[in-house]
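Report on the structure given below.
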Amino acid sequence: MRIDVLNKSLVAKNDKAAAENRALFQQRGIAVVNIMGGAGSGKTTLLECTIPQLARDTRVAVLEGDLATTRDAERIAALNVPVVQLLTEGGCHLTAALVQQGVQRLPTSELDLILIENVGNPICPVNFDLGERARLAVLSVAEGDDKPAKYPYLFTVADLVVISKHDLLDVSGFDFDAAAADIHALDSGKRIISTSSRDAASTQPVADWFRSLCQRCSDTLPPHQAGM
Ligand SMILES: Nc1nc2c(ncn2[C@@H]2O[C@H](COP(=O)(O)OP(=O)(O)OP(=O)(O)O)[C@@H](O)[C@H]2O)c(=O)[nH]1
Ligand SMILES: [Mg+2]
């Protein structure tokens, strides 16, 4: 008797839309970053800190993923960049199909970079390729230094890890070296950047990383593998 595995077929369907997205992004020369991390880890704040630094030389737009409300999109719209709010209506991650719909509302012929803020969740988004070029994981010190070991897949798939809210390091008791060691146990070469919204200079390396992806837009990269 044949047994259908629903989850696998969902991922396969998503992969088809992700491949279409990736082809479109490559054709238009747009770098796309999938930003993932737990609820409240500081994803939107990181966008608020970095987008103004990109304004002088990079044409950026944002897709905001949430379960409900347009609150994050309103924060991004205040920066005067194109933004579309994607509502999953209960879903704990964005899908490539929803991203496809969002991209249709963006002026893609006028963009260098699309930053996608995924739903606040350190688990579900990891399995769903959106067609992105790169993945950014955000972990705040307020979440605890044990999270890289407990939620390893987020950190495995990420091309860059941001540890945010550095200004709260002392009060949170976060052991930075222990967290970094757990991340490097997964991948010894993984780059980690420590940021604080209270220190504008700390987010500059993240803005520079976004910009560096744009300079390589015409490269052909294979789809990310979750390694799970
Ligand atoms: N002290 C401090 N607070 C921060 C920092 N970054 C973000 N916050 C605060 O943390 C809270 C959550 O930040 P957001 O940027 O909304 O987090 P998010 O990851 O986008 O949240 P979701 O979209 O709900 O998943 C807000 O109150 C921010 O002001 C930081 O570097 N330092
Ligand atoms: Mg947010």
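None of the figures in this text is laboratory data; all of them are computed from the coordinates on show. Fair warning: this is a prediction, and the values are worked out from it, not measured in the lab. Cβ: placed from backbone, ideal geometry, glycine included. Neighbour counts: every protein chain shown.
Taking label positions 7 Å along the Cα-Cβ direction at both residue 70 and residue 191, the computed distance is 3.5 nm, reported to one decimal. Does the range 9-68 come out rounded, prolate or oblate, given a ≥ b ≥ c as the square roots of the eigenvalues of its C-alpha gyration tensor, rounded meaning a/c under 1.5 and, failing that, prolate meaning a/b above b/c? Oblate, since a/c reaches 1.5 and b/c is not below a/b. Excluding residue 84 itself, calculate the net charge of residues whose Cβ lies under 13 Å from the Cβ of residue 84, where each Lys or Arg counts +1 and each Asp or Glu counts -1. Here the charged neighbours net out to -4.
What FRET efficiency comes out for residue 181 versus residue 11 if R0 is 30 angstrom and r is the Cβ-Cβ distance? Round to the nearest 0.05. If you can, show how the numbers build up before the last one.
Numbers: r = 31 Å, r/R0 = 1.04.
Calculated value: 0.45.
For the pairs 16/43; 147/190; 16/150; 165/190, flag any whose C-alpha to C-alpha distance is greater than 22 Å.
Numbers: 16/43 27 Å; 147/190 16 Å; 16/150 30 Å; 165/190 20 Å.
Violating the 22 Å limit, Cα to Cα: 16/43; 16/150.
Rounded to the nearest 500, what is the chain's calculated 222 nm mean residue ellipticity when only DSSP H runs of at least 4 contribute -39500 (n - 2.57) each, over all residues?
Values: 9 runs with 86 residues, N = 228.
Estimated from H runs of four or more residues: -11000 deg cm²/dmol.
Taking 0.36 nm per residue of separation and subtracting the Cα-Cα distance, what length does fully extending residue 142 through residue 199 add?
Working: separation 57, 0.36 × 57 = 20.52 nm, distance 1.70 nm.
Here the segment from residue 142 to residue 199 would lengthen by 18.8 nm.
The peptide list 37-44, 145-152, 66-73, put in order of mean Cβ contacts within 10 Å with the highest first, becomes 37-44, 145-152, 66-73.
Highest mean packing first, where packing is the average number of other Cβ atoms within 10 Å per residue, the peptides 104-110, 128-134, 45-51 line up as 128-134, 45-51, 104-110. Classify the range 1-142: rounded, prolate or oblate, from the alpha-carbon gyration tensor (a ≥ b ≥ c, eigenvalue square roots; a/c under 1.5 rounded; otherwise prolate if a/b is larger than b/c)? Oblate, since a/c reaches 1.5 and b/c is not below a/b.
Students often check this: by mean Cβ neighbours within 10 Å, which of 188-199, 155-166 ranks highest, and how do the rest follow?
In descending order of packing, they fall as 155-166, 188-199.
Other residues lying with their Cβ under 15 Å from the Cβ of residue 55 contribute a combined charge of -2, Lys and Arg counting +1, Asp and Glu -1.
When the chain is fully extended, how far beyond the present Cα-Cα distance does residue 77 get from residue 92, taking 0.36 nm per residue of separation? Don't skip to the answer; put the middle values down first.
Values: separation 15, 0.36 × 15 = 5.40 nm, distance 2.34 nm.
Separation in residues times 0.36 nm, less the Cα-Cα distance, equals 3.1 nm.
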